[in-house]
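The values are calculated or read from the model by the stated rules, or taken from the named source; none is laboratory data. Predicted, not measured: the structure shown is a model, and the values here were computed from it. Cβ placement follows ideal geometry from the backbone for every residue including glycine, while neighbour counts extend to all protein chains displayed.
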Amino acid sequence: MNPSYPLKLIALKPKVSLSRWFYLMRELDKGQPLTCIAEEIGVTYKTVLRMAYIVRRSLYFHRVKGRLQGEVESDDIHIKTGLQGLRCKKRPPRRRGLKRRGRGTYKDDLPLACVWVSRKPPDMAIEMLPDARKRSLLRATLKHVEPGSRIDTDSWRGYRILGQVYEHRLF
């Protein structure tokens with residue numbers, strides 16, 4: 001199997017929505033059973049089993065390859081992963097309330113997913129961060145991108161810390 005095949009499968013064959021893929025990754029990280037995840041996202045157990053296989057295979061290939069280097073572009077997105085109501089008996093329903101200020105966190109069902117894309121050779125890495133702190137972002141970037149590389153980011157203030165380790169450029 002081609003190492004980039006799992007990521008291409010997720011991106012190019014959207015039979016299951018991208019938000020469900022991120023929800024699956026988040027719940028797998030928490031240690032939730034696949035049967036419960038299948039009930040919550042509304043797909044069969046067989047589909048969730050296949051999705052989990054693709055995610056694990058992708059993570060394996062990215063761990064083996066090493067860190068990205070050269071010109072790297074980084075971007076972030078907050079993904080709403082919570083589901084309304086009580087579909088799985090092991091998880092209480094999400095409570096509604098006033099919206100909190102600031103960016104979301106892993107605990108608030110609005111985790112930050114950060115993506116790093118290398119231009120030459122073309123490769124990518126993705127990680128869901130527990131919060132939107134500068135320290136968490138720097139730690140994850142150091143894990144995925146070789147120090148001394150050039151990183152292009154947007155103007156979010158959390159990226160400013162990257163200039164200490166990388167050649168940082170805003171776009």
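How about the stretch 142-166: which of its residues are in a helix (DSSP H, G or I) and out of contact with any strand residue (DSSP E or B) (no Cβ under 7 Å at 6 or more places or on another chain)?
Initially, the stretch 142-166 is screened for residues in a helix (DSSP H, G or I), giving 142-144, 157-164.
Of everything in the stretch 142-166, those that are in a helix (DSSP H, G or I) and out of contact with any strand residue (DSSP E or B) (no Cβ under 7 Å at 6 or more places or on another chain) turn out to be Leu142, Lys143, Arg157, Gly158, Arg160, Ile161, Gly163, Gln164.
Just to be sure, is Gly85 modelled with pLDDT under 85, over 17 Å from the mean Cα position of the chain (by Cα), under 30 Å from Pro147 (Cα atoms) and of a type outside the set (Val, Ile, Thr)? No; evaluated as a whole, the condition is false for this residue. Taken as a whole, the condition of being modelled with pLDDT under 80, on the phi > 0 side of the Ramachandran plot and not acidic (Asp, Glu) does not apply to Gly148.
Of all the listed residues (Val48, Val117), the sole one being within 24 Å of Leu170 (Cβ to Cβ) and either surrounded by 14 or more Cβ atoms within 10 Å (Cβ to Cβ) or at pLDDT below 80 (or both) is Val117. Selection within the stretch 136-171: residues that are of a type in the set (A, V, I, L, M) and out of contact with any Cys (no Cβ under 9 Å at 6 or more places or on another chain). The member of this set that is nearest to Gly66 (Cα to Cα) is Val145.
Scanning the stretch 22-38 for residues being surrounded by fewer than 19 Cβ atoms within 10 Å (Cβ to Cβ) and part of a helix (DSSP H, G or I) gives a total of 6. Scan (1) at pLDDT below 85; (2) assigned to a helix (DSSP H, G or I); (3) surrounded by fewer than 18 Cβ atoms within 10 Å (Cβ to Cβ) for the single condition Ser58 breaks and write down its number. In the conditions (1) at pLDDT below 85; (2) assigned to a helix (DSSP H, G or I); (3) surrounded by fewer than 18 Cβ atoms within 10 Å (Cβ to Cβ), Ser58 misses (3) alone.
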